[in-house]
Amino acid sequence: MCKAQHYHKSVSSSFVIGNRLKKISSEFKEILDISSELAALLDSKVYLVGGVVRDLILEKDVFDLDIVVEGDAILVAKEVAQRIGGEFNKHHNFGTATVAFKDYKVDFATARTEKYLSLGSLPKVRPDSLIQDLSRRDFTINAMAISLNKPDYGKLIDSYNGLADLRKRLIRTLHPRSFLEDPTRILRAIRFEQRFRFIIEGDTFKLMKEAINSKALKLVNPHRLRDEIVLILKEPDPCRYIKRIKELEGFLFLDDKIKLDKRSFQFFLRLQRAVSHYQKKFKKHRTLQVWLMYLAGILIKLDPERMEKVFHDFGFRKGERIIIRSIKVGVNKIKRADKNIKAYLLHRLMSPYSFESILFFYAYYPRRSLRKNIENFLDKLIKIRLKTRGRDLKALNLRPFTLYSKALKKLLYVKIEKGLKTKKEELMELKYIFKNLVKSRR
Ligand code: ATP
Ligand code: MG
């Protein structure tokens, strides 16, 4: 396995990278140039590092920049923010700050070294050189830097032969203890393997399997695992990634009872299709949290108590928990929509659920009748709104107030069934509904 070979790359690769820097947008270039100038004034050195270097070489669009500073990163970031009129945010993490500017987010970090005192736990951190900073990184393709300093601006710093691995399409760790020191790298390796359709290099693959067999993921702080899982589920087409995790590691690190079988993967494929269908068809609805639907698909068969334990241990947010819980409860209730059902009953059945839940149901039950009903709901029923408001009831002097919300609900159902168009029609129906409600209370 490669130990750090601290040589800088040849002229030809510097040239390749120099050209890449010429192709980037003017805003991006401005941030880099200002960082470079300020660092020189502050007697520091700055480098573009990690995934952004990889993506520049792969000619992908980049929006999130990572800059490492040999010196005080927070000071550099603050000055850069001031110069370009960006928003400055200091983090709790060791020597890190972010500058947000237009569509770009630039993370500044003080070059540092990490020492792992026990496996899987967070390392002890102290400032160090760029070369040391690169040596703590996950894979060779993510351990390259580009100098932003005057004398060698644009030069690639590639101590671990990342460029060669990038060309060979290989994921390779920097040293044999990598997966044990930080087992989240198991999930990261799968993420990059699947995203770029690269291959996990032979020795790296063996080390990864060893770490998996020693149940290394069980040792990791669950919040860090959650972050990696969310990143995976946020990739386009996460189905392939889920399959690969199941193949190599399984989801036992989330809960021992999670079992994904052939049918689960058929469901994930349907989900993928449903989401792309939905996104084309219903462009105006808000953006979906697609990743949550996949997570729900992974957790759906767990007992409610076990599911709550996963939420708690991995620190999922309140809103996320609510959606997944409602999917779990809803998959059974929604079966009632699998027949000729009156429109207002369909509305009553579906309206408590989020878009995420409803599309989940759509994918979960491929039956035609149910799908037609769901489409009818999303296409038409969901858009039906009352023109009448509470204040209209008040203006009509209707009493008691306590019946208002019930009356409006009923009015909505009548509107759906009878296809009422105008407010006048609504108000006529409303008076009748209200009278009956008062009568039935007596
Ligand atoms: P993406 O394109 O998904 O953002 P990325 O490579 O930029 O991928 P990030 O999670 O944004 O990944 O991290 C930025 C960089 O920080 C990585 O390229 C890598 O150099 C380093 N890094 C991140 N997580 C780890 C880790 N667990 N161990 C070692 N290095 C890491
Ligand atoms: Mg990144």
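The values are calculated or read from the model by the stated rules, or taken from the named source; none is laboratory data. The structure presented is a predicted model; accordingly, all values stated were derived computationally and were not measured. Positions of Cβ are backbone-derived with ideal geometry, glycine not excepted, and every protein chain shown enters the neighbour counts.
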- Message: When you scan region 126-138, do you find a residue that is under 30 Å from residue 39 (Cα atoms), within 24 Å of the chain's Cα centre (by Cα) and crowded, with 17+ Cβ neighbours inside 10 Å, even just one?
- Response: yes
All conditions in (1) in the same structural domain as residue 220 (by TED's automatic domain parsing); (2) in a helix (DSSP H, G or I); (3) more than 16 Å from ligand 2 (Cβ to nearest atom) are true of residue 151 except (1)
For region 127-139 the number of residues that are within 16 Å of ligand 2 (Cβ to nearest atom) and not acidic (Asp, Glu) is 4
With respect to residue 179, determine if the residue is modelled with pLDDT of 95 or more, among the aromatic types (Phe, Trp, Tyr) and closer than 21 Å to residue 112 by Cα. yes
Exactly one of 394, 421 is among the charged types (D, E, K, R) and more than 24 Å from residue 380 (Cβ to Cβ), and that residue is 394
Restricting region 203-215 to residues that are in contact with a strand residue (DSSP E or B) (Cβ under 9 Å, 6 or more places away or on another chain) and surrounded by fewer than 20 Cβ atoms within 10 Å (Cβ to Cβ), the one farthest from residue 253 (Cα to Cα) turns out to be 203
- Message: Here is a check on your reading of the model: is residue 241 in contact with a strand residue (DSSP E or B) (Cβ under 9 Å, 6 or more places away or on another chain) and more than 16 Å from ligand 2 (Cβ to nearest atom)?
- Response: no
For residue 224, the lone unmet condition from (1) crowded, with 22+ Cβ neighbours inside 10 Å; (2) under 19 Å from residue 311 (Cα atoms) is (1)
How many residues of region 25-73 are modelled with pLDDT under 90, within 21 Å of residue 150 (Cβ to Cβ) and within 16 Å of ligand 1 (Cβ to nearest atom)? The answer is 1
Output yes when any residue across region 35-44 is within 27 Å of residue 217 (Cα to Cα), part of a helix (DSSP H, G or I), among the small types (Gly, Ala, Ser) and not assigned by TED's automatic domain parsing to the domain that holds residue 217, and no when none is.
no
Flagged in region 54-73 as crowded, with 18+ Cβ neighbours inside 10 Å and among the hydrophobic types (A, V, I, L, M, F, W, C), in numbering order, are 56, 57, 62, 65, 67, 68, 69, 73
Does residue 188 count as among the charged types (D, E, K, R), within 16 Å of ligand 2 (Cβ to nearest atom), under 27 Å from residue 236 (Cα atoms) and touching a residue at least 12 places away in the same chain (Cβ under 8 Å)? yes
Restricted to region 74-105 and to residues being surrounded by 18 or more Cβ atoms within 10 Å (Cβ to Cβ) and either hydroxyl-bearing (Ser, Thr, Tyr) or within 11 Å of ligand 1 (Cβ to nearest atom) (or both), the residue nearest to residue 25 (Cα to Cα) is 104
Across (1) under 18 Å from the mean Cα position of the chain (by Cα); (2) outside any helix (DSSP H, G or I); (3) within 13 Å of ligand 1 (Cβ to nearest atom), residue 175 clears everything bar (1)
Those residues of region 225-259 which are under 19 Å from residue 302 (Cβ atoms), away from ligand 1 (no atom under 15 Å from the Cβ) and not aliphatic (A, V, I, L, M) amount to 246, 249, 250, 251, 253, 255, 256, 257, 259
Quiz prompt | Some residue of region 142-161 being within 13 Å of ligand 1 (Cβ to nearest atom) and surrounded by fewer than 16 Cβ atoms within 10 Å (Cβ to Cβ) | solution = no
Filter region 211-228 for residues that are small (Gly, Ala, Ser) and assigned to a helix (DSSP H, G or I); the one that is nearest to residue 117 (Cα to Cα) is 216
Of the residues in region 190-204, those that are within 11 Å of residue 244 (Cβ to Cβ), more than 10 Å from ligand 1 (Cβ to nearest atom) and part of a helix (DSSP H, G or I) number 3
Scanning region 163-181 for residues that are more than 16 Å from ligand 2 (Cβ to nearest atom) and surrounded by 18 or more Cβ atoms within 10 Å (Cβ to Cβ) gives 163, 165, 170, 172, 173, 174, 178, 179, 181
Exception for residue 220 within (1) more than 16 Å from ligand 1 (Cβ to nearest atom); (2) in contact with an Asp or Glu (Cβ under 9 Å, 6 or more places away or on another chain) falls at (1)
Note on region 142-166: residues among the hydrophobic types (A, V, I, L, M, F, W, C), touching a Lys or Arg at 6+ places or on another chain (Cβ under 7 Å) and over 14 Å from residue 66 (Cβ atoms) are 156, 163, 166
